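Quick notes on the structure that follows.
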Amino acid sequence: MKILGIETSCDETAAAIVEDGRSLVANVIASQAALHGRYGGVVPEVASRQHLEAMLPVVEAALAEGGCRWRDIDAIAVTAGPGLAGALLVGVSVAKALAYAKELPFIAVNHLEAHLYATWIDEDGSGSPPPPFPLAGLIVSGGHSDLVLMRGHGDLRRLGRTRDDAAGEAFDKVARLLGLGFPGGPAIERAAEAVAKPALRLPRAWLGDSDDVSFSGLKTAVLHVVRGERPPPVEEIAAAFQEAVVDVLATKTARAAEREGVSAVVLSGGVAANGPLRRTLADRAAVPVHAASPLLCTDNAAMVAACAFYRQQAAGWDLDVTPNLPVA
């Protein structure tokens, strides 16, 4: 079964074709990162307009890349939320129109749940097995930080979430404070590579036994360091900030995985591309960690198509976007 996935929740216009929820047939992503970089963050209206221009060319490129014609496609899946309302509307409207015109099933997908399914995709065709259930899933991106328990397809329970800034949002804001540019995650990771072990230690918000996380206090601590009389080098601050975020995320995820008795941990979302987070979580978790490939960590349509295969819940034509849709 080949599913065409469409993703427009933020600033990536993406279309992909995935067969049977595992085999990657085509994956096309048109990123707006360079455009929004001048503003230091994503401008919703600008993102929506760019989606309008790029959507159909991206879909056509995915079909061409996969060597597919419309008769080869069995269903169309699209992100319905969460995300930017205007951006979501573009993707859902196009998906509805294509499904109606081509008389194909139309499947709505939760963007956060889709991130988990990035680890199901067998990119190189090696036949590696998917993550085993039950599993703990850490979804960390620019807009979300969620820790979930997944006992099966469609069986999710949220264990924890951010109480303020998402991890990726904190990376972006701290990168702006340090003059490192946008997006902040890769910029901070590059700067931090110059420091083996930071002497500066920034605070962690542990929040007791809760699985929730909080990064607003850490962000404020960085602000005070930057505005201090003798701030350390930018690389030192970047390394200390990254160390604090990774410490909290890895510790809480490993702790929850042990408590819930899971068989594996799944790491996904844009921040999941961070090397220190991947390595630290793998070291601390008592079970195998399945991390999405860097290409599939950021927003993409392949994860949407993969998720749709395992859920296959057709949506009615009256479906509307849900910008604040929770993961579970």
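Computed from the coordinates by the stated procedures, all read-outs in this text should not be read as laboratory data. Quantities reported herein were computed from a predicted structural model and do not represent experimental measurements. FYI the Cβ positions are ideal-geometry reconstructions off the backbone, even for glycines, and counts take in every protein chain you see.
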Stretch SER31-THR220 to full length: gain in nm at 0.36 nm per residue minus the Cα-Cα span? 65.0 nm
Cα centroid of segment 100-136 to Cα centroid of segment 152-203, whole Å: 25 Å
Restricting to lysines and to Cα separations under 22 Å from LYS173, and discarding same-chain partners fewer than 8 apart, the set is LYS219
Per-pair calculated FRET efficiency, R0 = 45 Å: GLN312 and VAL46 via Cβ, rounded to 0.05: 0.85
Defining a contact as two alpha carbons under 8 Å apart and six or more residues distant in sequence, what relative contact order in percent does the chain show? 26 percent
In terms of the alpha carbon gyration tensor, root eigenvalues a ≥ b ≥ c, rounded if a/c is under 1.5 and otherwise prolate when a/b exceeds b/c or oblate, segment 239-328 is prolate
Between helix 216-226 and the chain, what is the angle of the helix's C-alpha long axis to the longest principal axis, kept within 0 to 90° and rounded to the nearest 10? 50 degrees
Once you have all Cα-Cα distances for segment 1-119, histogram them in 10 Å bins from zero and send the whole-percent values. 14, 48, 31, 6, 0
Under 1.5 on a/c is rounded, so check that first for segment 59-169, then, if it is not, pick prolate when a/b is larger than b/c and oblate when it is not; a ≥ b ≥ c are the square roots of the alpha carbon gyration tensor eigenvalues. oblate
With everything on Cα atoms, drop me the angle between helix 302-311 and the longest principal axis of the chain, reported from 0 to 90° to the nearest 10. 70 degrees
Burial ranking of peptide ranges 255-266, 31-42 (average Cβ count within 10 Å, highest at the top): 255-266, 31-42
Viscosity 0.692 mPa s, temperature 37 °C: what is the translational diffusion coefficient of segment 34-77 from Stokes-Einstein with a Kirkwood Rh over Cα pairs, rounded to a whole number of µm²/s? 262 µm²/s
Where does the charge balance sit around VAL213 when Lys and Arg score +1, Asp and Glu -1, over other residues with C-beta under 14 Å from its C-beta? -1
Above 28 angstrom, tally the Cα pairs of segment 135-292 and express them as a % of all pairs, no decimals. 18 percent
Just the projected area, averaged over all directions, of the convex hull on the alpha carbon atoms of the chain: how many nm²? 16.0 nm²
Fully extended contour minus Cα-Cα distance, from ARG163 to TRP206, at 0.36 nm per residue: 14.3 nm
Cut-off 9 Å between beta-carbons: net charge of the residues surrounding PHE182, Lys and Arg +1, Asp and Glu -1: +1
Measuring from label point to label point, each 7 Å out along Cα→Cβ, what is the GLU229 to LEU56 span in nm? 6.4 nm
Compare the peptides 223-230, 75-82, 102-109 by average per-residue count of other Cβ atoms within 10 angstrom and give them in order, highest first. 75-82, 102-109, 223-230
